[in-house]
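One structure is given here, and the rest of the page talks about it.
The values are calculated or read from the model by the stated rules, or taken from the named source; none is laboratory data. Here the structure is a predicted model, which is why all the values come from computation and not from measurement. Cβ coordinates were reconstructed from backbone atoms using ideal geometry, including for glycine residues, and neighbour counts include every protein chain displayed.
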Amino acid sequence: MKVYVTSGDTKSQEGKSKLVEAEKIIRSQGHSVLSPRMIDDFLPEGFDDKDRMESRLNAVSICDVVFFLKDYQSSNNSMRELIKARDLKKNVQFERMN
């Protein structure tokens, strides 16, 4: 499956590290993975925040599953991704709160 994994913090080093760890786990289960971190790293300078968000929403649309890490609610961008995923009737999953 194609899995988009996202979180509320995609800019700090700690947030990026959490995404990298989640990407590794999902990939180890045999899935293809996309994340905001990967999109941000791929897009060259000259692309603004609006462009990045549009790319993230496009990623949501092409993936089978959208997986949200615990802190997703702290981000307007993650909430937009959630709305898009639900509008498209994607398989939406959430990291367990422990």
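For the range 51-58, check the following and say yes or no: at least one residue is outside any helix (DSSP H, G or I) and either touching a residue at least 40 places away in the same chain (Cβ under 8 Å) or surrounded by 13 or more Cβ atoms within 10 Å (Cβ to Cβ) (or both). Within the range 51-58 (the criterion being outside any helix (DSSP H, G or I) and either touching a residue at least 40 places away in the same chain (Cβ under 8 Å) or surrounded by 13 or more Cβ atoms within 10 Å (Cβ to Cβ) (or both)), the answer is no, since none of the residues qualifies. Within this structure, Lys18 passes the test of being part of a helix (DSSP H, G or I), touching a Leu at 6+ places or on another chain (Cβ under 9 Å) and more than 19 Å from Ala85 (Cβ to Cβ).
State whether one or more residues within the range 30-37 are at pLDDT 95 or above, among the aliphatic types (A, V, I, L, M), surrounded by 12 or more Cβ atoms within 10 Å (Cβ to Cβ) and in a helix (DSSP H, G or I). For the range 30-37, residues at pLDDT 95 or above, among the aliphatic types (A, V, I, L, M), surrounded by 12 or more Cβ atoms within 10 Å (Cβ to Cβ) and in a helix (DSSP H, G or I): absent.
Does any residue of the range 70-86 turn out to be surrounded by fewer than 17 Cβ atoms within 10 Å (Cβ to Cβ), at pLDDT 95 or above and among the acidic types (Asp, Glu)? No: zero hits.
Considering only the range 59-78, state which residues are more than 17 Å from Asn91 (Cβ to Cβ) and either under 10 Å from the mean Cα position of the chain (by Cα) or outside any helix (DSSP H, G or I) (or both). Outline the logic, then answer.
Filtering the range 59-78 for residues more than 17 Å from Asn91 (Cβ to Cβ) gives 70-71, 73-77.
Correct list: Ser75, Asn77.
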